[in-house]
Each structure stands twice: as C-alpha cells, then as structure tokens.
Amino acid sequence: MAATDPQRQLLTLIREFASEKSQGERRMIGLKKRIQELGCEVDVANAEMEEVKCIKETTEQELKGYELQLTLNEASIQTLEARISIIQDEISSVGSQVEGLKMTCIFLVFFRFVIPVLNLIAWVIVLGRDEFICQMFALNVKIRKFQEEKGLSSQEKSSIGTMAGHAT
C-alpha cells in the first residue's frame with residue numbers, strides 16, 4: 001500500500017492538474033468570448049458616438065443658421081419700425097396740411113358770401129332800402145344757385161360711389 005500511495009498522490013495530482021487545466025482553458029475560452037463581446041460593444045458604442053458627433057455638428061450648423069436668420073430678422077424689424085415711424089410722421093404732416101386746407105376752404109367759402117353781404121350793407125347805406133332789397137334778392141339767387149351746384153356735385157359723388165359699389 002505504501003507504493004500505491006505515492007502513485008495515488010501522483011495520479012491525484014495529475015487529475016487535479018488536468019482538471020485545473022481544463023477549467024483554466026474553459027475560463028480562457030469564456031474570457032476570450034467576453035473580450036469579443038466587449039469588443040463588439042466598444043465598436044457599437046464608437047459607431048453611436050460617431051453618429052452623435054455628426055448629429056451634434058449638424059445641430060450646431062443649424063443653430064448657427066438660425067442665429068444668422070434671427071440677426072437678419074432683427075435688422076429687418078428695425079428697418080420696418082423706422083419706415084413705419086417715417087410713414088407715421090408723413091401721415092401726421094399730411095393730416096395737418098389737410099386740416100389747413102379745410103380751414104382755407106372754409107375761409108374762402110365764408111368770404112365768398114361775406115364780401116357780397118358787406119357790399120350790400122354798404123349799398124344800403126349809400127343807396128337806400130329799395131336798392132338793398134333788390135341786392136338781397138340777387139344774393140338769394142346766388143346762394144340758391146351755389147347750393148344747387150354743391151347739392152348736384154355731392155349727389156354726383158354719392159351716385160358715383162353707389163355705382164362703384166354696385167359694380168363690385
């Protein structure tokens with residue numbers, strides 16, 4: 001039994017070595033597979049990172065384009081605001097001129113009738129009552145004629161406006 005003991009120990013040792021060797025080989029195979037898996041994962045991660053970089057660059061370019069467009073729009077808005085201000089000033093100026101023209105027209109119409117009345121009053125003083133009455137009748141005729149002309153022109157404008165309204 002004594003001789004078999006060292007043989008057994010040697011056999012046990014050989015078995016243990018073989019077992020450890022096969023376990024080591026299995027671990028090596030497992031680690032190689034894991035290395036391959038991790039390599040694939042790294043490749044996928046690198047591809048995703050490249051895609052993200054491209055998206056980032058595209059987004060940055062779009063952002064620069066939007067910033068440029070925003071700057072151009074702001075300049076355009078400022079230009080339009082300046083034009084609006086100028087137009088408003090011109091409208092105000094034209095409005096003032098229109099008011100001045102209205103006052104001039106009123107003044108002219110007023111004096112168109114006041115001067116003959118003053119002349120009549122002067123004639124009454126100079127010529128007397130009968131002549132004054134004749135002049136008043138003449139003035140009355142002028143006033144009616146003026147009213148008819150104004151009435152006709154405003155009717156024409158009104159009928160032209162309604163005709164234009166019916167035409168559309």
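To keep it simple, each residue is scored yes or no on (1) at pLDDT below 95; (2) β-branched (Val, Ile, Thr); (3) exposed (fewer than 10 other Cβ atoms within 10 Å of the Cβ).
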position	(1), (2), (3)
5	yes, no, yes
20	yes, no, no
28	yes, no, no
59	no, yes, no
The residue from 106, 115, 91, 84 that alone is part of a helix (DSSP H, G or I), free of Cβ contacts under 8 Å to residues at least 12 places away in the same chain and over 48 Å from the mean Cα position of the chain (by Cα) is 115
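The values are calculated or read from the model by the stated rules, or taken from the named source; none is laboratory data. Here the structure is a predicted model, which means the values were calculated and not measured. FYI the Cβ positions are ideal-geometry reconstructions off the backbone, even for glycines, and counts take in every protein chain you see.
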